[in-house]
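The values are calculated or read from the model by the stated rules, or taken from the named source; none is laboratory data. Just so it is clear, the model here is predicted, and its values are computed rather than measured. Here Cβ is always computed from backbone atoms with ideal geometry, including for glycine, and neighbour counts include all displayed protein chains. Accessible surface is based on the protein model in full, side chains and every heavy atom, while ligands, DNA and RNA are left aside. Shrake-Rupley method; radii C 1.70, N 1.55, O 1.52, S 1.80 Å.
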Amino acid sequence: MEFILALIMGASLGGAAGYLGTLMLSQRMALVAGPLGHLTLPGIALALILGFDVSLGAFPFVILGIIFIWLFEMRTGLPMEAVTAVVFAAGVAITFLFLPEEKAVPALIGDISQITFLATIIVILLSLIIFFMTRKIYSKMILAGISEDLAKVQGANFRKYNLMYLLGIALTVALGVRIMGGLMTAALVAIPASTARNMSKSLTQYSYGGLILGSLACILGISGFRVTGLPAGPLIVLVGTFFFLVSLGLKR
Amino acid sequence: MENDLILKVKNLNVMRDGEEIIKDLTFEVKEKETLIILGPNGAGKSTLLRTLLGLLPYSGEVIWHTKSISYLPPQELFQRRDLPPLNIEEFFKFKNVSHEKILNIFLAVGLDSSLLERRFGAVSTGQFQRMLIAWALVDEPRVLLFDEPTAGIDVGGQETIYSLLHKFWLERNLTILLVTHDLNIVWEHGDNVLCMNKKTLCYGKPREVITPEELEEIYGTGIKFYKHTHM
């Protein structure tokens with residue numbers, strides 16, 4: 001039963017993350033999920049020590065991290081990647097000061113061994129929210145990449161869209177750490193999107209390609225865990241990487 | 001208020017980073033009018049268009065009597081590279097218009113419908129500009145704001161672009177606000193001209209307000225002046 005729940009959870013979150021990832025890649029933000037994933041580590045550590053859900057522990061830390069990055073960028077004028085590096089390195093350092101050694105592996109690469117029905121339902125619902133929020137802002141964000149003025153004239157409200165976008169990223173990262181751990185969450189968004197980009201001729205193929213590939217990588221990775229007993233997170237990354245390598249041959 | 005008034009601008013001021021970009025502009029645009037906005041680089045022409053669209057903060061009055069407004073920024077401001085795999089039809093679908101409408105406007109601007117499947121940006125500069133005109137007009141706006149539509153286009157291409165605009169102006173009762181450096185366009189297509197360099201330098205019918213002295217004041221140097229007698 002746990003395996004089926006893990007499959008359903010992985011398929012829904014992988015799909016939503018893959019879809020969001022295509023938008024993040026088009027904004028050159030695909031790697032942002034990496035540092036944000038690292039930022040969740042103190043939250044994951046707390047959850048593992050105190051015995052509550054890792055995503056619940058991760059979410060406030062992602063939000064806190066985003067606020068710190070935004071504040072530091074505003075105050076210093078430094079590029080976002082520089083302040084992100086400062087914040088996520090501090091997050092990782094704090095984690096390893098108090099995370100017990102035996103909890104380090106699940107914190108870093110995820111753990112799908114104890115998934116409940118309730119957690120699965122919550123992940124499905126939140127994945128749907130991520131998907132629909134992303135779909136709502138998708139075309140205007142792509143149009144803004146072509147010309148921000150045109151997007152504004154077409155009625156894009158970027159304050160609202162950026163909030164929805166960041167919330168979508170934060171949710172994806174917080175949910176993703178359960179399966180992928182704090183170390184590899186970026187793979188959920190970056191790899192399916194890159195593969196889809198190699199194989200697509202249109203925006204529809206690209207965006208839904210990311211969704212399908214993200215979902216499929218999670219299904220196959222979690223199935224691989226069932227068969228081999230190896231951790232699911234790294235297997236998902238390797239399946240995704242395999243798809244990426246195949247896509248190089250199909251590049252359009 | 002006159003019934004055919006479509007835009008009223010009164011005492012418009014725009015500041016950016018403490019610098020005055022537009023100072024005390026006042027003008028009006030009537031339905032089906034073509035207003036040409038003329039001025040040297042840095043005069044605030046593009047800022048004016050963006051302000052009229054509500055993209056920049058301002059003081060003074062900008063009153064539109066329509067919401068059906070389309071805008072095209074200068075072509076060089078369009079990002080054409082490093083985009084996701086977007087095809088041209090999908091670019092048009094951003095405006096929520098039907099395939100049939102897209103085909104019709106493509107035909108009207110003289111583009112082949114096979115281009116719809118092409119990647120955005122993977123077309124020549126001339127085709128790209130026609131495609132942008134089609135995009136601006138596909139949802140049948142009443143007003144078109146156009147910023148330097150022929151920048152970077154060869155002379156033949158420029159003629160085509162202006163002929164197209166003129167055709168749509170005739171067929172669709174378009175009101176056009178056009179930023180250009182091309183004095184020929186002022187003579188041939190302008191109902192009114194607004195010469196500016198942060199503030200208004202001249203405003204009125206081209207034949208009445210464009211003089212060699214005025215051009216020298218606008219551009220700060222002697223401009224060869226051939227007053228057109230035909231229309």
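If you average the alpha carbon positions of the range A:1-30 and of the range B:1-57, how far apart do those two centres end up, in angstrom?
47
Report the one residue of B:Gly126, B:Asn173, A:Gly34 whose Cα lies farthest in the direction of the positive end of the charge dipole of the protein assembly as shown (charges on C-beta: Lys and Arg +1, Asp and Glu -1; origin at the Cα centre).
Positive-most Cα among the choices belongs to A:Gly34.
Which aspartates and glutamates does B:Lys10 reach when only Cα atoms under 15 Å apart count, and residues fewer than 8 places away in its own chain are ignored?
Output for B:Lys10: B:Asp24, B:Glu28, B:Glu61.
Which FRET efficiency value, to the nearest 0.05, is calculated for B:Asn11 and A:Met29 with the Förster distance at 60 angstrom and r the Cβ-Cβ distance?
The pair B:Asn11/A:Met29 has a calculated efficiency of 0.90.
Using a/c under 1.5 as the rounded threshold, could you call chain A rounded, prolate or oblate? The axes a ≥ b ≥ c are square roots of the C-alpha gyration tensor eigenvalues, and prolate needs a/b larger than b/c, oblate otherwise.
oblate
What distance in nm separates the simple spin-label points at B:His99 and B:Ser124, each placed 7 Å from Cα in the Cβ direction?
For B:His99 paired with B:Ser124, the spin-label model returns 2.8 nm.
For each pair in B:Lys32/B:Lys93; A:Lys136/B:Lys101; B:Lys45/B:Lys198; A:Lys152/B:Lys30; A:Lys136/B:Lys93; B:Lys23/B:Lys45, compute the distance between the two Cα atoms and list the pairs where it is over 19 Å.
In this structure, B:Lys32/B:Lys93; A:Lys136/B:Lys101; A:Lys152/B:Lys30 exceed 19 Å between Cα atoms.
Can you give me the angle between helix B:155-172 and the longest principal axis of chain B, using Cα atoms only, in degrees from 0 to 90, rounded to the nearest 10?
For helix B:155-172, the angle is close to 90 degrees.
Could you pull the accessible area for B:Cys202 with a 1.4 Å probe, rounded to 10 Å²?
B:Cys202 has an accessible surface of roughly 10 Å² with all protein chains in place.
Given contacts defined as C-alpha pairs under 8 Å and at least six residues apart, what's the relative contact order of chain A, whole-number percent?
36 percent.
Partner chain Cβ atoms within 10 Å, averaged over the residues of B:89-98 - can you pull that number for me?
3
Can you list which of the trypsin sites (Lys or Arg not before Pro) found in the range B:1-92 are DSSP loop residues with at most 14 other C-beta atoms within 10 Å?
Of the trypsin sites (Lys or Arg not before Pro), the ones in loops of the range B:1-92 whose Cβ has at most 14 other Cβ atoms within 10 Å are B:Lys67, B:Arg81.
So for the range A:82-223, taking the charge dipole from beta-carbon charges (+1 Lys/Arg, -1 Asp/Glu), which of A:Met199, A:Ser147, A:Ala174 sits furthest toward the positive end?
So the residue we want is A:Ser147.
Any chance you could check the Cα centroid distance between the range B:115-143 and the range B:156-219 for me, in angstrom?
Computed from Cα coordinates, the inter-centre distance equals 23 Å.
Using a 1.4 angstrom probe on protein heavy atoms only, which residues from the range A:178-216 are buried by at least 30 Å² of accessible area when all chains are present rather than their own chain alone?
A:Arg197, A:Lys201, A:Ser202, A:Leu203
For the range B:2-128, just run the numbers: alpha carbon Rg, then divide by 2.2 N^0.38 Å, N being how many residues it has.
This ratio for the range B:2-128 stands at 1.31.
Which whole number gives the average count of other chain Cβ atoms within 10 Å of the Cβ atoms across peptide A:138-150?
Neighbouring Cβ atoms belonging to other protein chains average 5 per residue here.
Considering only A:Leu71, A:Leu183, A:Leu41, give the residue with the highest GNM mean-square fluctuation for chain A, with springs between Cα atoms whenever their separation is below 10 Å.
Checking each option, the largest mean-square fluctuation is seen for A:Leu71.
Using the heavy atoms of the protein chains alone and a 1.4 angstrom probe, what is the accessible area of the range B:22-160 per residue in square angstrom?
42
Rolling a 1.4 Å sphere over the protein heavy atoms, what is the accessible area per residue of the range A:162-252, to the nearest Å²?
40
Rounded, prolate or oblate: which fits the protein assembly as shown when a ≥ b ≥ c are the square roots of the eigenvalues of the alpha-carbon gyration tensor, with rounded for a/c under 1.5 and prolate only if a/b beats b/c?
prolate
Give me the percent of the accessible area of the protein assembly as shown that comes from carbon and sulfur atoms, probe 1.4 Å, all protein chains in place.
Percent of accessible area from carbon and sulfur atoms in the protein assembly as shown: 60.
Report the gain in length on full extension from A:Leu78 to A:Glu101: 0.36 nm times residue separation, minus Cα-Cα distance, nm rounded to one decimal.
4.8 nm
Run the simple label-point estimate for B:Asp82 and B:Asp24 please: 7 Å along Cα→C-beta, distance reported in nm.
Distance between label points: 4.4 nm.
Name the residue, out of B:Leu77, B:Leu201, B:Leu38, whose mean-square fluctuation peaks in a Gaussian network model built on chain B with Cα pairs under 10 Å.
B:Leu77
If one takes the accessible area of chain B alone plus chain A alone and subtracts that of the pair, with a 1.4 Å probe, what total in Å², rounded to the nearest 100, results?
Buried area between the two chains comes out at roughly 2000 Å².
Is the shape of chain B best called rounded, prolate or oblate, per the rule: a/c under 1.5 gives rounded, else a/b larger than b/c gives prolate, else oblate, with a ≥ b ≥ c the square roots of the Cα gyration tensor eigenvalues?
Since a/c reaches 1.5 and a/b is larger than b/c, the shape of chain B is classed as prolate.
Between the range A:95-174 and the range A:31-63, what is the C-alpha centre distance in whole Å?
Using only Cα atoms, the two centres lie 14 Å from each other.
Please list the non-local residues whose amide H lies under 5 Å from the amide H of B:Leu7, H modeled 1.01 Å from N, same-chain partners needing a gap of 5 or more.
Here B:Val29, B:His65 satisfy the definition.
Quickly estimate the mean residue ellipticity at 222 nm for the protein assembly as shown, helices only: each DSSP H run with n ≥ 4 gives -39500 (n - 2.57), and the total goes over all residues, rounded to 500.
So the helix-based figure for the protein assembly as shown works out to -19000 deg cm²/dmol.
Take every residue in peptide B:78-84, count the Cβ atoms of other chains within 10 Å of its Cβ, and give the average of those counts.
Per-residue shielding by partner chains comes out at 5.
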